[in-house]
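Data block below; observations after.
The values are calculated or read from the model by the stated rules, or taken from the named source; none is laboratory data. Every value quoted in this text rests on a predicted model; they were computed, and no experiment measured them. Cβ sites come from the backbone with ideal geometry, for glycine too, and all protein chains shown count toward neighbours.
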């Protein structure tokens, strides 16, 4: 798929808009997203599944901006949520509640009741006590809840331990060796329609092999459940595949991944549900930041910028890598430096020992592949207002989140 960010006459563009124009108007730090890139990646999943029963449910936790949710809802996407707040956002963006699946290990009674009242498609249930709660609340409301148990297939996703979810040591799901007995006991629950199985083994998978291994285990589980009389009608395979954060990383093929999944489920009378998030929005976004200072010590060169760990925490939290490129490309001269922000923590950095363009105060930089798990994890640490968000559509752009003000920082507080 084409990259939405490119240099034209040494100026970095998003689609048909110079990013420097956005920075001049919206200020920095500022997240910028390409609507074309988001839709291209959604359709890479959707179009590959067009002729079989399916639902592509965008994982809202990756980026929950209303502008992006509305864009995807209009394109026909479903939504995977993990909180009542995400359900509220999805509905506010105009999505149908019947295309929403509720995942997550710690759903509260209030969240479950809210989802039942709104008429969501289904719950991915992560424990037997949660199953009992959903049954009880559905009975009180006079409803019948569609549920899939999330099986933990004990497959190593071979990714960062913080975003790996498919091993027996993780908090997520139900051990696949125990899940059949729970399906049997759940037959006594009157307000549950237990017609699905689900799993999700982790995020940022550049090799689809672990997902396909998990799928094979899930399909074997479906066969055993059906043999015992449990009518399984849908299979939720969880998230999509990863994205290349470095130019040297392989670029996973979404359509190729879907083809391998289809080979395994075709002819089984199953509706397939996928919950991609990162692979839809990560490459579609950049974080714009301005250089404030250059600072040299006997051991280090620092580029101090106006974006910080409160704006993009991934490098500090995961040690993750993001390409950082100038909005105005000059000669090929580079330096080795740490790119750091203003937050009062040594852990506040966007890059360490990075070979980077020789930029100076006032220059603008783009932190690439930051459309996923960027703004959604932003905070007001050090009493810093959170950044603006912008959505580009061809030659036009619009603000889809205003920059927070100082007044916003104390809203709801009292002396």
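Please find, within segment 12-44, the residue that is farthest from residue 288 (Cα to Cα) out of those that are part of a loop (DSSP other than H, G, I, E, B) and out of contact with any helix residue (DSSP H, G or I) (no Cβ under 7 Å at 6 or more places or on another chain). Let's see the steps before the verdict.
We begin by selecting, within segment 12-44, every residue part of a loop (DSSP other than H, G, I, E, B); these are 15-16, 27-29.
Now narrow it down to the ones that are out of contact with any helix residue (DSSP H, G or I) (no Cβ under 7 Å at 6 or more places or on another chain): 16, 27-29.
Working: 16: 17, 27: 9, 28: 6, 29: 5 Å.
Selected residue: 16.
If I filter segment 395-414 for residues that are under 23 Å from residue 69 (Cα atoms) and surrounded by 22 or more Cβ atoms within 10 Å (Cβ to Cβ), do I get at least one hit? Give the derivation first.
Here is the first cut: in segment 395-414, the ones under 23 Å from residue 69 (Cα atoms) are 395-404.
Filter once more, keeping what is surrounded by 22 or more Cβ atoms within 10 Å (Cβ to Cβ): 397.
Yes.
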Checked segment 39-71 for anything buried (at least 22 other Cβ atoms within 10 Å of the Cβ) and without any contact (Cβ under 8 Å) to a residue 60 or more places away in the chain; matches are 69
Could you check segment 313-345 and list, in sequence order, the residues that are closer than 19 Å to residue 244 by Cα and touching a helix residue (DSSP H, G or I) at 6+ places or on another chain (Cβ under 8 Å)? 313, 314, 317, 318, 320, 321, 322
Is it the case that segment 170-179 has a residue that's at pLDDT 75 or above, part of a helix (DSSP H, G or I) and under 14 Å from residue 225 (Cα atoms)? yes
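On the basis of being out of contact with any strand residue (DSSP E or B) (no Cβ under 6 Å at 6 or more places or on another chain) and either more than 26 Å from residue 272 (Cβ to Cβ) or in contact (Cβ under 8 Å) with a residue 24 or more places away in the chain (or both), does residue 19 make the cut?
Numbers: out of contact with any strand residue (DSSP E or B) (no Cβ under 6 Å at 6 or more places or on another chain): no; either more than 26 Å from residue 272 (Cβ to Cβ) or in contact (Cβ under 8 Å) with a residue 24 or more places away in the chain (or both): yes.
So residue 19 fails the test.
Report, by residue number, each residue of segment 134-144 that is crowded, with 17+ Cβ neighbours inside 10 Å and either over 26 Å from the mean Cα position of the chain (by Cα) or farther than 17 Å from residue 110 by Cβ (or both).
To start, the set of residues in segment 134-144 that are crowded, with 17+ Cβ neighbours inside 10 Å comprises 134-135, 137-138.
Correct list: 135, 137, 138.
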